[in-house]
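A short reminder: the numbers here are calculations on the coordinates, not readings from a lab. Because the structure is a prediction, the values reported are computed rather than measured. We place every Cβ from the backbone using ideal geometry, glycine too, and count neighbours over all the protein chains shown.
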Amino acid sequence: MGDSNIKLDNLWLPFTPNKDFHQSPRVFTAADGMYFTTADGRKVLDGVSSLWCVGAGHNRREINEAIYKQLQTLDYATAFQFGNDRAFEAAQMIAALAPGDLNKVFFCTSGSEAADTAMKMALAYHRARGQGHRHVFIGRERGYHGVGFGGMSVGGIGGNRKLFGSAMLPHVDHLRFIHDPVNHAYINGEQPEFAEDWLLELEQRILPLHDPSNVAAIIVEPVAGSAGWYIPPKGYLQRLREICDKHGILLIFDEVITGFGRMGKPFAADYFGVVPDMLNFAKCVTNGVVPMGGVVCREHVYEAIMSVPTPAHVIEFSHGYTYSGHPVACAAAVATMKLLAEEQLFERAAIMGPVLGNAVHAAIKGLPHVISIRALGLAAAVELSPSDKGVGARGYAVFQDCLKHGVLVRSAGDNLVLAPAYVVEKAQIEHMVDVLAQAIKRAA
Ligand SMILES: Cc1ncc(COP(=O)(O)O)c(C=O)c1O
């Protein structure tokens, strides 16, 4: 999939086994609709919306034109001390889309920055209310909140933490992971129901250990995406909300993957009927076309920080990025949100989700090595047992095999994830599932 004219020597690829990559380079040179073109001219069906980003499909004219128009009008404007019209428009649209009174938008350029921004907001909020002693953050095992030191510390994927253990933030704890591989290995379109209370440990061990009065925020992905699409038990997020309310702890939903339609609703908060105090977004907000992330927080979080009496020249929240509210990113976000609404793509994701879930379960359940299949919203994960070569080796081999057969799936350890764009057709779903099934059958 490489091309001898492309010199590979100088680029260090992120989250990629670089040595192996150089043995068999994978290079995309174009994309349109549901398909990539590779450097050697092959078509590849994008089964993962390019890292969960391209909800509306690739190369959308409406977004491209909005970006071009923006470039010709206001290409960039200093972000500090000034706003730009497109940023206000994008923020207004996001606030209108977000549930409850989540209505103050702070822009950054990635999901990692969104995690750090939300954590800082939580500290500033408590301090503004005279509770600066609230300094403990609670994440969840196998959670992913990007690669900044804040997000990495509350994150819970061992492999991402291993090299950097000595530099992890202190005062962080983790909820247990939400998965029962015995009784709820197969999930299709609904949340598992448990007799056991997964949050008892939070109430009986973690909070008493730190004392709830010291806890600033709990951060979770409503559905654990990067770990491999692990679905919260029924009532789990509601109970988390109640516990946070009881103890004055802020609840942060990291919706970098689930936001902007993946669940067939604008946000997972809508899908599960739970409004967090802060909601992190990125990826699909611009259809992945221009980097953008952000945090939308509830009125009371913003108001508390603003209510601190300060002289006119003093900044209330000393935080921000050169590219916060970049006009080109905001133009892409505005055009993306219009497109998602005009083409009713949230509704389409809701319709295609069960098509994917049913196809994956029908074709793959019972195949060799398959130990779990989980589908909810427009995403599904197939979990394979690890091979003798180590955790992730079998998943990586299946990913490579699928690619050889023209379908991009995502491997997360031994999970193979499908999360196509919302514009995906039934036949394309059937094809990607079939290619995955054949690859699993061939896997050693
Ligand atoms: C839930 C979640 N949070 C944060 C991030 C980090 O986003 P970024 O890679 O844009 O920094 C990701 C990326 O996949 C994510 O899935």
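The modelled label-to-label distance between Arg129 and Glu343, using points 7 Å beyond Cα along the C-beta direction, is 4.1 nm.
What pairs from Lys365/Lys441; Lys404/Lys441; Lys120/Lys162 go past 18 Å between their alpha carbons?
Long pairs (Cα-Cα over 18 Å): Lys120/Lys162.
When the Cα positions of Ala87, His179, Val274 are compared along the charge dipole of region 63-342, Ala87 comes out farthest toward the positive end, with charges on each C-beta of Lys, Arg, Asp and Glu.
Would you mind classifying region 153-291 by shape? Square roots of the alpha carbon gyration tensor eigenvalues, ordered a ≥ b ≥ c; an a/c under 1.5 is rounded, otherwise it is prolate if a/b is larger than b/c and oblate if not. Here region 153-291 falls in the rounded category.
For region 127-145, the residues whose amide N sits under 20 Å from a probe point set 7 Å from the Cα of His171 along the beta carbon direction are 127-140. Over the chain, DSSP H runs of length four or greater, each weighted -39,500 (n - 2.57), average out per residue to a 222 nm ellipticity of -10500 deg cm²/dmol. About its Cα centre, the dipole of region 229-378 is roughly 620 debye, where the only charges are +1 on Lys and Arg Cβ and -1 on Asp and Glu Cβ. The GluC sites (Glu not before Pro) of region 273-340 that DSSP puts in a loop, and whose beta carbon has at most 16 other beta carbons within 10 Å, are Glu316.
DSSP bridge analysis restricted to region 63-342 gives an antiparallel fraction near 45%, rounded to the nearest 5. Simple spin-label estimate for Phe194 and Phe149 gives 3.3 nm between the two label positions (7 Å along the Cα-to-Cβ direction from each Cα).
Every Cα-Cα pair of the chain was included, and the share exceeding 33 Å stands at 34 percent.
Take the Cα of Thr322, step 7 Å toward its Cβ, do the same at Lys404, and the gap between the two points is 4.4 nm. In a reduced charge model with +1 at each Lys and Arg Cβ and -1 at each Asp and Glu Cβ, region 66-133 shows a dipole moment near 220 debye about its Cα centre.
Taken over region 239-338, the convex hull of the Cα atoms encloses 120 Å³ per residue. As a length-normalised measure over Cα pairs under 8 Å and 6 or more apart, the relative contact order of region 63-342 settles at 31 percent.
What size of dipole, in debye to the nearest 20, comes out for region 376-418 about its Cα centre when the only charges are +1 on Lys and Arg C-beta atoms and -1 on Asp and Glu C-beta atoms?
Using Cβ point charges on Lys, Arg, Asp and Glu, region 376-418 gives about 120 debye.
Estimated at 0.36 nm per residue, the fully extended path between Asn5 and His300 surpasses their Cα-Cα distance by 100.6 nm.
Of the peptides 267-277, 126-136, the ranking by mean beta-carbon count within 10 Å, highest at the top, reads 267-277, 126-136. Comparing Val147, Val407, Gly320 along the charge dipole axis of the chain, the residue lying farthest to the positive side is Val407, per the Cβ-charge model.
Figure legend: label point modelled 7 angstrom from the Cα of Phe164 along Cα→Cβ; residues of region 119-150 with amide N under 11 Å from it are 145-150. Checking every one of the chymotrypsin sites (Phe, Trp or Tyr not before Pro) in region 1-72 against DSSP loop status and a limit of 11 other Cβ atoms within 10 Å picks out Trp12, Phe15.
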